[in-house]
Number of protein chains: 4
Amino acid sequence: MFFASDNSGPVPQAVLDVLAEVNQGHMMGYGADPMMDEVRQRIRDLFEAPEAAVYLAATGTAANALALATLIEPFDTVFCTPMAHIEEDECNAPEFYTGGAKLTLVHGSDRMTPEALTRAIESQGNRGVHGPRRGAVSITQVTEVGNVYTLAELKALCDVAKSYDLPIHLDGARFANAAVALGCSPAEMTWKLGVDVAVFGGTKNGLMGVEAVVFFDPSKAWEFELRRKRGGHLFSKHRYLSAQMAAYLRDDLWKDLAQNANAKTAQLLDGLRKRNDVEIVNDVTANMIFFRAPRALHQTLQTSGARYHVSGGDLANGPSEGLLTGRLVCDWSLPDTEIARFVSLLNAA
Amino acid sequence: MFFASDNSGPVPQAVLDVLAEVNQGHMMGYGADPMMDEVRQRIRDLFEAPEAAVYLAATGTAANALALATLIEPFDTVFCTPMAHIEEDECNAPEFYTGGAKLTLVHGSDRMTPEALTRAIESQGNRGVHGPRRGAVSITQVTEVGNVYTLAELKALCDVAKSYDLPIHLDGARFANAAVALGCSPAEMTWKLGVDVAVFGGTKNGLMGVEAVVFFDPSKAWEFELRRKRGGHLFSKHRYLSAQMAAYLRDDLWKDLAQNANAKTAQLLDGLRKRNDVEIVNDVTANMIFFRAPRALHQTLQTSGARYHVSGGDLANGPSEGLLTGRLVCDWSLPDTEIARFVSLLNAA
Amino acid sequence: MFFASDNSGPVPQAVLDVLAEVNQGHMMGYGADPMMDEVRQRIRDLFEAPEAAVYLAATGTAANALALATLIEPFDTVFCTPMAHIEEDECNAPEFYTGGAKLTLVHGSDRMTPEALTRAIESQGNRGVHGPRRGAVSITQVTEVGNVYTLAELKALCDVAKSYDLPIHLDGARFANAAVALGCSPAEMTWKLGVDVAVFGGTKNGLMGVEAVVFFDPSKAWEFELRRKRGGHLFSKHRYLSAQMAAYLRDDLWKDLAQNANAKTAQLLDGLRKRNDVEIVNDVTANMIFFRAPRALHQTLQTSGARYHVSGGDLANGPSEGLLTGRLVCDWSLPDTEIARFVSLLNAA
Amino acid sequence: MFFASDNSGPVPQAVLDVLAEVNQGHMMGYGADPMMDEVRQRIRDLFEAPEAAVYLAATGTAANALALATLIEPFDTVFCTPMAHIEEDECNAPEFYTGGAKLTLVHGSDRMTPEALTRAIESQGNRGVHGPRRGAVSITQVTEVGNVYTLAELKALCDVAKSYDLPIHLDGARFANAAVALGCSPAEMTWKLGVDVAVFGGTKNGLMGVEAVVFFDPSKAWEFELRRKRGGHLFSKHRYLSAQMAAYLRDDLWKDLAQNANAKTAQLLDGLRKRNDVEIVNDVTANMIFFRAPRALHQTLQTSGARYHVSGGDLANGPSEGLLTGRLVCDWSLPDTEIARFVSLLNAA
């Protein structure tokens, strides 16, 4: 019953199979492997973007930071929420890769509103040479609090950004979970709304460590390549990144994995909803649940083997009726038996 | 009636005199000029810190950014308020000089409270390798909104920082105005409270462009020197910086200038307080006044020649009874006649 | 007959096997996986360094740049040869990761001499505050021109560095090939000579993409971890890096692979030495051969399917007797039949 | 008899006079002072470049580093000689300001030849994504070894750079000395040859600390302004920089000062040439002399009060007939009596 993270599970056999498939003979490196040609074409097809520049990076932090560094200048600022991964969990990687740009936080919610974004943009970057200059807007889909922007919500944010001539970066670490939740195509969730560069995440959805960075306008492609190399993120034996992503794209594996993860999450949600003492905090349509529950319930679940993060108080001590927030994240690999076991624990507790 | 800024006035004759005094013959450069020896000794005496390392920089942005870069690492974060000069008015200079460190904003007020500072520290830098690491606390005295921390308030902040083993940077662009307002010594406002490095500002208080950076623990001195050179802030003809600072220190000129500026501000304040339609926003003890007043009053004052910034609405249009916030800043050089004229305008309007 | 690079071949089945072995269930990420414990212990044992801090990075560029950034400051310089990978092939990654440090080139040969190193150190870093400061010495073993330093040669360089109190970085992209060529232990080639941090390369010697960074003095370990995360080089699903390195360390696979590559190279060398029109440029004891031969010979070999880099002239045109330099690099995976075929081509041509 | 440097002397009275002239009343800051309008216009006129963007910086290191950072990207390299100030004397400022770009050294002489420059360009920046990319060519006029490029020589270098589409930066710390030596106009030495950005130095030629950065193509102007602010090099009381430069430009003071310095140098040269035991190392047409002379002569001169740098051996000890190299630099302020005294020492020794 491991619900602590979706970056802690194994990879599907199909990934191992394509690694074995590509493990034959000598091959050009540094992105010139034939399997990267397949990947590029599949992503262009998937995104209905025949001109897109497509690159792979092994971590989400690298993908985000390199994308932002390509979009903006060191004297710029990036607008994002306070819980954005680029703000909270990347140890200043965006500041590092951009050469010292700033992140300006859009307060209010994990889902930016157009009003809050406008307010943040108006408050920053209007000081002329005293800077910083307005650089880019970074949107995370699924958000770190498990919510999924609707296409209309994303469109409204993109419209705000465009009205200031700002490029838009989509942190899609859970891109597949969102697309499945919305029932939309990758194109509908990106360039059709105005997104300039999207990170199409694979690592949290079943790969060992590969993210695709997709520039819908390829004019910045060469700069990205140099920045990736300079960051030590260009793999000599690039085929092993390509292979993972190829496995992910063939037969819509990316979609199957996300559907699987989202469906398991929905089962957990059903179990939680049956209890009167549990409050669901976020809109659960993807693969994350935030729920408030009495300390005693958390203790029972965790003692029985459920692993997940709890915040808002001390799990070990304190009053049993105190409410703490638990975070459940499902990845594709969770056995049905463990889902069922957690639900039965909920029913019994 | 120029109240728009204290960095827009002339310098006292004494500064020109010492520039002329030092303008004789050839002299060692790069900080090895004899007048820097005088400056160093005077600052050590003034701060009662015989071991302090003392450096000059020509701008406050350089002084702040170099000091912070010497204190912290690129994977750290600095705690400061949202209106701190390092956040708002330095075009990412701290991020640049530190190699990409972050600023974490302490919300609530221009004067951080110990509670808000603790909350910010607790919220950031507790994510282990996901970083950032907690780096330093930066306090601005006088704040950008014209308030002066009491010594007890400063002490409480320093105590919080020290409880987390964080070094403390004091942005003292208006150090003299604060010390005069508090009636305290430079030592009492800095190392006696726990401040590790203070910027002793000169530019806003009558110099052409010189700030002293004072490290109370000199162990980081050599690193600062290399960083200053690397930033292009080491002057070959350093004597002309030394001369300005020497003039500032001799005969307590720094104190006279600040007393003068603060006193003029108090006269403006008296004038404002006599009006029922004016609300004073900040605690005016130094050289800045923020006041809310009807648009019509602002118009009258500005039409009559008063120059100062107005925010919170459109000065030119809108209802005459609408309240806008004006900012008055006095420097040492304002003629008494202009102060009197502004007050009489207030009385007459 | 692919002799163009040792980063273009497949990985041994053992690597795929351990990837499959580790691909079970959920596991802590970010380096806290149990297999990393195994890796750490095996490397400490292998290097006879029970206190060493051990980290993995996916590329050699990242390993080198992160190691250097941990050793030095932005106002420092690193001493290396003009053909060092960090100078020639990393797109300014060392400058990027160090925050703008310089590389000072030690001229003369791919194998630095103590005299040349001393000369370079004396020429740079003696300008006080005008900087840069002397930072570190970076040695590449095997060199980029295929030569292997003897232990005595390495010792002499380390002694020079230590006499200036400079830390020593060993770029060991081909560490295994060198150790096998010298018949020495990893400890003998590193800390016993004075090396402070060694990159124990895996990628060129049969892994998909993993290098171990070994700090013999662990005091800088935490900084390295933060820098690695900040660079986007900390893998969430770290077990897949650990697995590769574990496979490499178990049963001395690293040594077998290198012996294999070196032995094949020796066979090529024998074939080349039988020809009068071929001059061997480097001391071939590891897995690289540089040889000068008439253009016609290169053409024959390449037309027959041999792939390797040629420099020093135009292969396609020009006089057939013109001498061009070919570079042959063997990896572990080259079939014996291809080695034999190349040799027979040499005999026949 | 201070010949150690041209950055150690006083400033002409005219500079103090304009400082006093500008020291009146309140004035817009940050480059918006009226005297900057005068400076901008005068420089545009002087350089016959009505569109040029003109900025001031207080140090040569800042001027160079900011100019380069505006021209190139962090993954680029700058071509310059090993004795260039940007390589030798700026403590990695170019690497810092560019965000980690590299300097590639053009070996051979302090005056690059077109052949050597071509060789360096060909050797670097042709490795595709392995980078670095070719960024800019930086030429120093007068060179650090006291030589002055002819216009034809400069043109040949610019032609090489242009044939690779590389922008050209002119480090003109001693711009005036060179222009006077060549008898050419500023335009003839810059944009008419192809120079893209020139540093028109003032500090070494009589100012306290001001350099003008002149972009002949103003399209990068706004970026430069943001970079200057971010580097802490935008002065709030900018008028005091403007005043120095205005004094420098009025009545061709810059030319008078340089003529004066060059003429004094020529007198020293005459004295040196009369001795059989002295060899002049450089082409002395500007304000620097490098001369080889017996240790005994250096000792005599220095004991008698001449101050200048000696290299190539130990001045205090060693054989009296050993040859050491002395460097004499004249600034505008040297009294004729001291020049005469040095010459008479030469005659007598």
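The values are calculated or read from the model by the stated rules, or taken from the named source; none is laboratory data. Please read these numbers as outputs of a predicted model, since none were measured by experiment. Ideal geometry is used to build each Cβ from the backbone, glycine not excepted, and the neighbour counts take in all protein chains shown. Protein only, heavy atoms only, side chains kept; ligands, DNA and RNA dropped before computing areas. Shrake-Rupley method; radii C 1.70, N 1.55, O 1.52, S 1.80 Å.
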Problem set entry | Candidate set from the range B:63-75 (those that are touching a Lys or Arg at 6+ places or on another chain (Cβ under 8 Å) and more than 8 Å from chain A (Cβ to nearest Cβ)); member that is nearest to D:Y240 (Cα to Cα) | B:L66
For this session: Would you mind finding the one in C:G194, C:G172 that is small (G, A, S), in contact with a helix residue (DSSP H, G or I) (Cβ under 6 Å, 6 or more places away or on another chain) and at pLDDT 95 or above?
Result: C:G194
Exercise. Give me the pairs: first residue in the range A:18-32 and in contact (Cβ under 8 Å) with a residue 12 or more places away in the chain, second residue in a helix (DSSP H, G or I), beta-carbon distance under 6 Å, and six or more apart or on different chains, which are they?
Worked result: A:V18/A:A243; A:V18/A:A246; A:V18/A:A247; A:L19/A:A243; A:V22/A:M35; A:V22/A:R239; A:V22/A:A243; A:M27/A:R239
Exercise. Just checking, which of A:V54, A:V78 is under 30 Å from A:G108 (Cα atoms), open to solvent by less than 20 Å² (accessible area, probe 1.4 Å) and not in a helix (DSSP H, G or I)?
Worked result: A:V78
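Taking the range D:6-22 as the region of interest, how many residues are open to solvent by 20 Å² or more (accessible area, probe 1.4 Å) and either of a type outside the set (A, V, I, L, M, F, W, C) or within 8 Å of chain B (Cβ to nearest Cβ) (or both)?
Summing the residues that are open to solvent by 20 Å² or more (accessible area, probe 1.4 Å) and either of a type outside the set (A, V, I, L, M, F, W, C) or within 8 Å of chain B (Cβ to nearest Cβ) (or both) in the range D:6-22 gives 5.
Residues checked against (1) surrounded by fewer than 23 Cβ atoms within 10 Å (Cβ to Cβ); (2) within 19 Å of the chain's Cα centre (by Cα):
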{"position": "D:A4", "(1), (2)": "yes, yes"}
{"position": "D:A49", "(1), (2)": "yes, no"}
{"position": "D:A62", "(1), (2)": "no, yes"}
{"position": "D:A67", "(1), (2)": "no, yes"}
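Test C:V78 against the stated conditions and say whether it is closer than 22 Å to C:A187 by Cβ and assigned by TED's automatic domain parsing to the domain that holds C:A173.
Here the answer is no, as C:V78 does not meet what is asked.
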Exercise. Restricting to the range D:288-307, what's the tally of residues that are surrounded by fewer than 20 Cβ atoms within 10 Å (Cβ to Cβ) and either touching a helix residue (DSSP H, G or I) at 6+ places or on another chain (Cβ under 6 Å) or not hydrophobic (A, V, I, L, M, F, W, C) (or both)?
Worked result: 9
Problem set entry | Number of the exception - A:Y30 against (1) of a type outside the set (K, R); (2) more than 28 Å from C:G231 (Cα to Cα); (3) more than 21 Å from the chain's Cα centre (by Cα) | (2)
For this session: Consider C:K155 carefully, then state whether it is surrounded by fewer than 24 Cβ atoms within 10 Å (Cβ to Cβ) and touching a residue at least 12 places away in the same chain (Cβ under 8 Å).
Result: yes
Problem set entry | Positions within the range D:222-241 being in contact with a Ser or Thr (Cβ under 9 Å, 6 or more places away or on another chain) and hydrophobic (A, V, I, L, M, F, W, C), in sequence order | D:F224, D:L234, D:F235
Exercise. In the range A:116-175, which residue that is aromatic (F, W, Y) and either part of a loop (DSSP other than H, G, I, E, B) or touching a Ser or Thr at 6+ places or on another chain (Cβ under 7 Å) (or both) is nearest to the other protein chains (Cβ to nearest Cβ)?
Worked result: A:Y164
Exercise. Here are some conditions: (1) open to solvent by less than 10 Å² (accessible area, probe 1.4 Å); (2) more than 12 Å from chain A (Cβ to nearest Cβ). B:A101 meets all but one. Which one does it not meet?
Worked result: (2)
For this session: Taking A:G128 as meeting all but one of (1) modelled with pLDDT under 95; (2) of a type in the set (G, A, S); (3) buried (at least 23 other Cβ atoms within 10 Å of the Cβ), write down the number of the exception.
Result: (3)
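If the requirement is being buried (at least 19 other Cβ atoms within 10 Å of the Cβ) and either away from chain C (no Cβ under 13 Å) or out of contact with any Pro (no Cβ under 7 Å at 6 or more places or on another chain) (or both), which of these qualifies: A:M28, A:M83, A:M35?
A:M35
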Exercise. Within the range C:308-340, which residues are loosely packed, with under 15 Cβ neighbours inside 10 Å and modelled with pLDDT of 95 or more?
Worked result: C:H309, C:P335, C:D336, C:T337, C:A340
Seminar exercise, completed: Of the listed residues (D:E73, D:E90), the one being in a loop (DSSP other than H, G, I, E, B) and open to solvent by less than 40 Å² (accessible area, probe 1.4 Å) is D:E90
